[in-house]
Structures are given as C-alpha cells and as structure tokens.
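Nothing in this text is a laboratory measurement; each read-out follows from the coordinates by a stated rule. None of the values given here were measured: they were computed from a predicted structure. Neighbour counts are summed over all protein chains in view; Cβ atoms, including those assigned to glycine, are modelled from backbone coordinates with ideal geometry.
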C-alpha cells in the first residue's frame with residue numbers, strides 16, 4: 001500500500017464530511033505535517049502521512065508533540081484503519 005493512495009483516500013473522506021484536506025508547506029518551519037484538515041465547526045487536525053509501518057523522523061515527531069502541546073490534534077496516519085479512526089473521532093456519524 002502506498003502513502004499516495006492513503007493520502008488520496010484521506011482527502012476523499014474529508015471532502016465527504018464537507019471539509020478540506022489542504023497540503024501544508026511551510027518554508028520557514030521544517031518538519032510540519034503533510035496535511036491540515038479543516039472540518040465544519042472549526043475542527044482542525046494536522047496529519048503526517050506515512051507508508052505503512054514507517055516512523056516519523058525526529059523533527060516530525062517534535063512538530064507533532066509541539067502542535068499537540070498547543071492544543072491541536074496532530075497525528076500520523078499509515079493505514080486505512082488510521083483514516084477510519086480519525087474520521088470517527090473528529091466527526092462521529
């Protein structure tokens with residue numbers, strides 16, 4: 001399973017809920033997550049996409065902890081189950 005397939009699926013699932021899965025590029029801040037998910041009701045989630053079984057690099061782990069420490073939800077997703085779990089947690093149906 002490829003990271004790109006997971007990333008496309010995440011985008012589809014977010015759009016189904018009326019949200020946006022924006023690519024995040026921050027030239028002045030290295031290690032930021034791949035995506036910013038914007039959901040109705042002002043919910044924001046930062047997502048680092050990885051191929052199945054791949055770990056975050058040290059700087060990515062640092063940014064994830066930093067964002068979580070600021071009160072944002074920041075997660076790594078490397079599977080379809082990870083996508084399903086996130087969608088269920090953020091927007092219970």
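For the reader, a short list of remarks on this structure follows.
- Look at the alpha carbon pairs under 8 Å that are at least 6 residues apart: their mean separation over the length of the chain gives a relative contact order of 26 percent.
- The spacing between region 1-45 and region 51-75, judged by their C-alpha centroids, is 14 Å.
- Calculated FRET efficiency for the pair residue 3/residue 65, C-beta based, R₀ 22 Å, to 0.05: 0.55
- Within the chain, helix-based [θ] at 222 nm, where runs of 4 or more DSSP H residues each add -39,500 (n - 2.57), nearest 500: -12500 deg cm²/dmol
- Three-way shape label, region 3-90, alpha-carbon gyration tensor, a/c 1.5: oblate
- Neighbour counts of C-beta atoms inside 10 Å place 25, 90 in the sequence 25, 90, starting with the fewest.
- Most fluctuating residue given options 21, 58, 74, as computed from a GNM of the chain linking Cα atoms under 10 Å: 58
- Ascending count of other beta-carbon atoms within 10 Å, so fewest first, for 26, 79: 26, 79
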